[in-house]
Number of protein chains: 2
Amino acid sequence: MSHPQVTFKDTTFTRKTLLSARRATVSSKTLQTQLDQLKSTGRYDCFKLKWHPIYDDKSMWPVPFHLFWDSDVAKWIEGACYFLSESYDAGLDAAVQELVEMIRGAQQEDGYLNVHYTVVEPTKRWSNLRDMHELYNAGHLIEAAVAHYLYYKNDQLKAPVEKYISLIRKRFGTADGQVRGYPGHPEIELALLRYATVTGSSEAYELAHYFLTERGNPEGQDGKHYYDWETEQRGESRWMRPDAFPTNRTYWNCQAHLPITEQTAVEGHSVRAMYLLTAVADLVCLSDSGDKPLGEKARKSWTNALDQLWNNMVDKRMYVTGGIGAIKQWEGFGIDYFLPQGTDEGGCYAETCASIAVMMLAERMLHVDLDGHYGDILELCLYNNVMTSMSTDGTKFTYVNQLASSGKDKSERSDWFWCACCPPNLTRLYGSIGGYLWDYGPGDGGAYVNVHLYSSAQVSFAVGDENSVTLHQESNWPWEGKIRFRLSSTNPVDTTLRLRVPAWAQGSYEISPETSEQTSLKIEKGYLIISPAYTSKNPEFSLEIKNFAPRYLSPHPYSMQHVLALARGPIVYCVEDVDNDWETNHFKDVTITTDSRITEERKEDAETGESYIALHSNGWTRSVPNRGGGARPSVDRDLTFVPYYFRSNRGGRGQMRVGLVNGSSVIGTVFPERDYTG
Amino acid sequence: MSHPQVTFKDTTFTRKTLLSARRATVSSKTLQTQLDQLKSTGRYDCFKLKWHPIYDDKSMWPVPFHLFWDSDVAKWIEGACYFLSESYDAGLDAAVQELVEMIRGAQQEDGYLNVHYTVVEPTKRWSNLRDMHELYNAGHLIEAAVAHYLYYKNDQLKAPVEKYISLIRKRFGTADGQVRGYPGHPEIELALLRYATVTGSSEAYELAHYFLTERGNPEGQDGKHYYDWETEQRGESRWMRPDAFPTNRTYWNCQAHLPITEQTAVEGHSVRAMYLLTAVADLVCLSDSGDKPLGEKARKSWTNALDQLWNNMVDKRMYVTGGIGAIKQWEGFGIDYFLPQGTDEGGCYAETCASIAVMMLAERMLHVDLDGHYGDILELCLYNNVMTSMSTDGTKFTYVNQLASSGKDKSERSDWFWCACCPPNLTRLYGSIGGYLWDYGPGDGGAYVNVHLYSSAQVSFAVGDENSVTLHQESNWPWEGKIRFRLSSTNPVDTTLRLRVPAWAQGSYEISPETSEQTSLKIEKGYLIISPAYTSKNPEFSLEIKNFAPRYLSPHPYSMQHVLALARGPIVYCVEDVDNDWETNHFKDVTITTDSRITEERKEDAETGESYIALHSNGWTRSVPNRGGGARPSVDRDLTFVPYYFRSNRGGRGQMRVGLVNGSSVIGTVFPERDYTG
């Protein structure tokens, strides 16, 4: 069993691509920028356990401003460790070591390790798992410890975390003397499973397994739902509740309204949902790899839940940009097909962390069931909702990624957030992104590489004690479909390659050299299978993914979004006022049709240094007449589209939109694109 | 100054029309049905102040099930008094008198008069104005007292209510020793103003004026918002809140987030908003009539608020059926243009009471500013969202009036509701509907009648001490546009008539006999002005409103509802599964185009005895393809449309929809229809 956060080290990026360029920016700029933010906001020193003025601020309830500081620090450590293993930087190294020293110093005698409940409310440990992110913070410390251990190869962070895990394990469980709690914000589950895989800790695995099976138990604690019980213990009325709970007992907000295996629709806070399901998928992975067998029945009920919740999310609750979560109040999902593009249409949240977590889940699902659909969604999130969340210079971020701006919510970036989960999440994702490109290993009577993402990169891995396989890919992805592969190994190995053919390519590709009949190719569930017969004969070959021509995408008709978005390959486009400078109403009335002609233009933006393909088309601004149909005027206006990820990098007035009014009676390709015609 | 609840007695309905038939059903059937419900549910006897088992039920907080019983009884008394004045019924008379006796007996020494706070929580009077409907219940008692006084011409109910008003006045106000409260659910304000008008009570007027001016004061009580202050007095956290409050301090739910004159968008609970604005409009009416002058500046600030809030509501937050309120959680308004047709699209509430209250507000606005637009909306509500809420037999009701059914919320009726505000509201509306048809009186150098609604009815009123004017109208409205008028008076009077020409008629009408040049006609703000020159020469004449041909209506494009609804005259249509029996998906995929041919059919439904005009057209069921546009199949399906008000009367599976998918690229007439081309 492998995780991308572990395997990323096997991959090196070679030539510059969009992806490797972003990654390089994070390495050269973002890590330091975020370290500066940690320092200036008080986070860097929080494990010193001194009082900070913000701890006095009681205006937020129940979650005070500083509640996630532990996790902000932990995620940065995790990201820094990933980058340090590639290019050493003394300053970052020193910061990591100092932070780890402070964390070690903050641990209590019994192993407890949390800033808020040590400094601010020392008597209230474990009194509000539902809201207070205690176990969420613990989860991020565990992830940091794994990354730290793998890079530094010492126990400086692993040891205190191990002690903390033991303390948590002692408290929570089904045995006498334990309480039946589980975190309001899942995260520790996936952290524990990775920790277990890397360290072999049974305790960590069992704790994660307990959290996942206990969750949503209607009568777990003294015959009551744990959150009801703990509310009573606090002496609180159930009518007293966080603003994120629209009504009392909104336990679906934390996916605790039902046991996970009984849930059929993905509900509530979208980051929580994705972290939770990532852990569930990992549970199945650990079973399938033989590390921790679940038993057939249990495996089936977990995979059933995964399938139902994944499909519900992708088919009915995901934006064309890979964003999830329409509702700001609970940072999460609305009802099926409720996907307004922006605040003035009823909502759109599409949090950065949520799409990062979709990538994490999709990556796990590719291990549960190798289906190109998961890879498609992984890539969609990466190049759109995730990539848009950092400025090209690596210093400014978005938390929410709406598909349309409005007077209330312009398309703009911030240096930092009081709840700063997203920026360091991006850092650790880019740090480990090499691990998402492919999975590989001995197998299939030799070796295999399943290629999920295209870039210019190389991976090497051992096959047996003395043999090593190297696969190199080179491309100008995501702009061009041609990928050159070069396979080599110390000694000959029968190597099978599986290369993802995205659904939008509609099964259309070319391979060169062409295959002979004996080694005919086929696409299985979105992956083109290249047999050892071919690779042994053609260690160097190229694949060309076709259908890069711009296409019109439409949300599902039930979303009531009668709009068209432009996409090209995995890139979804938007219009911005910078390129379309006489727009004043956030492109709300700009209308296009499916038969508008689209042209492409290769651009190098002087200011940002960014290269991309812009699209040009034409449309008109509809009038909203009292009678009759808003006829198309005789003269169209020109429209320029840029990649959605590139928005908000060049000034402007923050006016932006992805889906424009559809002026034709036919719709575009319905999102998500799922058919494999190959 | 007159109110329709007072003037309705001047009007008698003559020939049968849709409106008078419904009214007759309420008289012959509904009043008794509702009386039976009051008796069987415990409401009838509640003023006996005995314990009822439901008082023990604590599952609802803060509003227990019985909290509105006072108002249910009061509204029924009010409705009964309206009908008694037309046709005496000994049983109803006896019930009213018995109820009044019980109410008298329930009044406390000091004048206090409320069931819950006398029987269930006697120590907590006035402790939670925000949620507990104490003043709302008082308001309905006051309205009942006015109706009772006008019919019985005695003080049996007026006297205790007067005493109660004095007690309330003593407690609330700006003087020393008073507290600065106001009701969470407005209603008492409009009741007090009518009471003041009928009885001349200055105390009632001043109390209403105080409530309206104090509302939303950010520092009314001890420097705090009254609801904050009262929350503190109860020892409650602001995070403890009713389920109708999505977040803490959701005071917009009761229109108390800002002083009324500073509000620019209509927010929150829609019935509260409409009752409140009806009182504001009445304040202006009382000023304009000279009864209670406001001063120019104050009048202007009230009318500014009325204009802004009315226009915001009608232009951006009203359904094509006259329904208001998209959101179930707070039974109220969503953001601008957020008007999904049903639960599975994000909401649709359109409460019966809310549209009744729009009628009440529109009626007042016609006195503030005689503009046919208010009459159009009044009529739209009456024949659609309001009329649909009672079965044709007068025994079954709806509370919520969605524009599309769904698996979760079928189109169906109930005998009664635990919160039973709507059924008796309907009763009192139909009882006083004569007062909404027209307003009239001496004026314009003789007499005038402004005709807002067409039917077959007659009104007589005094002009001077010895003269009386009678206007008779006869029509088959709303099916046909021809209305025959007959004007007479004891002695000759110069009478001006103003006849509303609905916006959908687009200024098109015919008058017969035709007018000579000297008495040329004109439409001013939606009213065709018939001068004394014409009426004196043609005391009998007919008006024909044109453009009754069925038309396509579309919600505003910003609503993202790319749908078409059919309307004919003031009637909005829907499709029901009864007539279209192979529908299984609530007509969600049924598609029509603006060029589909529509035919009319006069129908008499054997089962219900209902006559109406059905519409026939054709369309198709769209497929939701993954690629390409859901092309129109070669063969269409037939579609039958019935008036929306007629839905859910003939069995079926509860599948219904007003707006069908628009398969053309042009839209219909955008709702609301506001242009006057005449």
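The values are calculated or read from the model by the stated rules, or taken from the named source; none is laboratory data. On a predicted model such as this, the values are computed, not experimentally measured, just so you know. Note that each Cβ is placed from the backbone with ideal geometry, even for glycine, and that neighbours are counted across all protein chains shown.
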- Of all residues in region B:638-678 being closer than 17 Å to B:Thr591 by Cβ and modelled with pLDDT under 90, which is farthest from the other protein chains (Cβ to nearest Cβ)? B:Gly668
- Message: Looking at region B:555-571, I want the residues that are at the interface with chain A (Cβ under 7 Å from one of its Cβ atoms) and have a partner that is assigned to a helix (DSSP H, G or I) and surrounded by 24 or more Cβ atoms within 10 Å (Cβ to Cβ) with Cβ atoms under 7 Å, at least 6 apart or on another chain. Which pairs are those?
- Response: B:Met560/A:Glu345
- Item | Flag if B:Pro183 is of a type outside the set (Lys, Arg) and closer than 28 Å to B:Trp252 by Cα | yes
- Item | Test for B:Leu113: is it more than 19 Å from B:Tyr182 (Cα to Cα) and crowded, with 20+ Cβ neighbours inside 10 Å | no
- List, please: which pairs have Cβ atoms under 6 Å, are six or more places apart or on different chains, and start with a residue in region B:345-369 that is more than 14 Å from chain A (Cβ to nearest Cβ) and more than 14 Å from B:Leu190 (Cα to Cα) and end with one that is of a type in the set (Gly, Ala, Ser) and surrounded by fewer than 24 Cβ atoms within 10 Å (Cβ to Cβ)? none
- Message: So, in region A:220-235, exactly how many residues are assigned to a loop (DSSP other than H, G, I, E, B), within 14 Å of chain B (Cβ to nearest Cβ) and crowded, with 19+ Cβ neighbours inside 10 Å?
- Response: 0
- Task: Looking only at region A:419-429, decide whether some residue is surrounded by fewer than 20 Cβ atoms within 10 Å (Cβ to Cβ) and over 30 Å from A:Val284 (Cβ atoms).
- Result: yes
- region A:1-40, subset polar (S, T, N, Q) and in contact with a His (Cβ under 9 Å, 6 or more places away or on another chain), residue nearest to A:Pro64 (Cα to Cα): A:Ser2
- Note on the structure: Among (1) within 14 Å of another protein chain (Cβ to nearest Cβ); (2) in contact with a helix residue (DSSP H, G or I) (Cβ under 8 Å, 6 or more places away or on another chain); (3) outside any loop (DSSP other than H, G, I, E, B), A:Ala204 falls short only on (1)
- Message: Restricting to region B:271-324, and then to whatever is in a loop (DSSP other than H, G, I, E, B) and polar (S, T, N, Q), can you tell me which residue is modelled with the lowest pLDDT?
- Response: B:Ser289
- Kindly list the number of the only condition in (1) closer than 17 Å to B:Glu143 by Cα; (2) within 14 Å of chain A (Cβ to nearest Cβ); (3) of a type in the set (A, V, I, L, M, F, W, C) that fails for B:Trp76. (2)
- Message: Here is a check on your reading of the model: is A:Val666 outside any loop (DSSP other than H, G, I, E, B) and surrounded by 15 or more Cβ atoms within 10 Å (Cβ to Cβ)?
- Response: no
- Item | Of the criteria (1) within 30 Å of B:Asp638 (Cβ to Cβ); (2) within 14 Å of another protein chain (Cβ to nearest Cβ); (3) in contact with an Asp or Glu (Cβ under 8 Å, 6 or more places away or on another chain); (4) not β-branched (Val, Ile, Thr), which one B:Pro550 fails | (2)
- Exactly one of B:Thr584, B:Thr608 is surrounded by fewer than 19 Cβ atoms within 10 Å (Cβ to Cβ), of a type in the set (Ser, Thr, Tyr), touching a residue at least 40 places away in the same chain (Cβ under 8 Å) and closer than 18 Å to B:Gly407 by Cβ, and that one is B:Thr584
- Applying the selection to region A:49-69, what residues are under 28 Å from B:Arg238 (Cβ atoms) and either buried (at least 23 other Cβ atoms within 10 Å of the Cβ) or not hydrophobic (A, V, I, L, M, F, W, C) (or both)? A:His52, A:Pro53, A:Tyr55, A:Asp56, A:Asp57, A:Lys58, A:Ser59, A:Pro62, A:Pro64, A:His66, A:Phe68, A:Trp69
- Take region A:514-530 and flag every residue that is surrounded by fewer than 21 Cβ atoms within 10 Å (Cβ to Cβ) and either touching an Asp or Glu at 6+ places or on another chain (Cβ under 9 Å) or part of a strand (DSSP E or B) (or both). A:Lys522, A:Ile523, A:Glu524, A:Lys525, A:Ile529
- Mind listing just one residue for me: the one in region B:1-39 that is hydrophobic (A, V, I, L, M, F, W, C) and more than 21 Å from the chain's Cα centre (by Cα) and, of those, surrounded by the most Cβ atoms within 10 Å (Cβ to Cβ)? B:Leu38
- Message: Tally up the residues in region A:241-261 that are under 18 Å from A:Ile335 (Cα atoms) and either away from chain B (no Cβ under 11 Å) or assigned to a helix (DSSP H, G or I) (or both), please.
- Response: 8
- Message: Checking the conditions here, which among A:Tyr337, A:Tyr383 is touching a Phe, Trp or Tyr at 6+ places or on another chain (Cβ under 7 Å), within 14 Å of chain B (Cβ to nearest Cβ), surrounded by 19 or more Cβ atoms within 10 Å (Cβ to Cβ) and of a type in the set (Phe, Trp, Tyr)?
- Response: A:Tyr337
- B:Ala159: surrounded by fewer than 20 Cβ atoms within 10 Å (Cβ to Cβ), of a type outside the set (Val, Ile, Thr) and in a helix (DSSP H, G or I), yes or no? yes
- Of all residues in region B:58-80, which are in a helix (DSSP H, G or I) and charged (D, E, K, R)? B:Asp70, B:Asp72, B:Lys75, B:Glu78
- Considering only residues that are of a type in the set (Gly, Ala, Ser) and at pLDDT 95 or above, look in region B:430-445 and name the one that is surrounded by the fewest Cβ atoms within 10 Å (Cβ to Cβ). B:Gly441
- Message: So A:Ser536 ticks every box in (1) within 13 Å of chain B (Cβ to nearest Cβ); (2) surrounded by fewer than 17 Cβ atoms within 10 Å (Cβ to Cβ) but one. Which box is left unticked?
- Response: (1)
- Conditions: (1) at pLDDT below 95; (2) more than 26 Å from B:Ile483 (Cβ to Cβ). B:Asp36 meets all but one. Number of the miss? (1)
- Per the list (1) of a type outside the set (Gly, Ala, Ser); (2) under 29 Å from the mean Cα position of the chain (by Cα); (3) under 27 Å from B:Cys353 (Cα atoms); (4) surrounded by fewer than 20 Cβ atoms within 10 Å (Cβ to Cβ), residue check on B:Arg125 breaks on (2)
- Query: Quick check, is B:Ile327 closer than 20 Å to B:Ser554 by Cβ, hydrophobic (A, V, I, L, M, F, W, C) and surrounded by fewer than 23 Cβ atoms within 10 Å (Cβ to Cβ)?
  - Reply: no
- Message: Between B:Arg238, B:Arg299, which is over 26 Å from B:Lys75 (Cβ atoms), within 14 Å of chain A (Cβ to nearest Cβ), surrounded by fewer than 19 Cβ atoms within 10 Å (Cβ to Cβ) and out of contact with any Cys (no Cβ under 6 Å at 6 or more places or on another chain)?
- Response: B:Arg238
- When residues of region A:397-429 are filtered for being free of Cβ contacts under 8 Å to residues at least 60 places away in the same chain and assigned to a loop (DSSP other than H, G, I, E, B), how many remain? 2
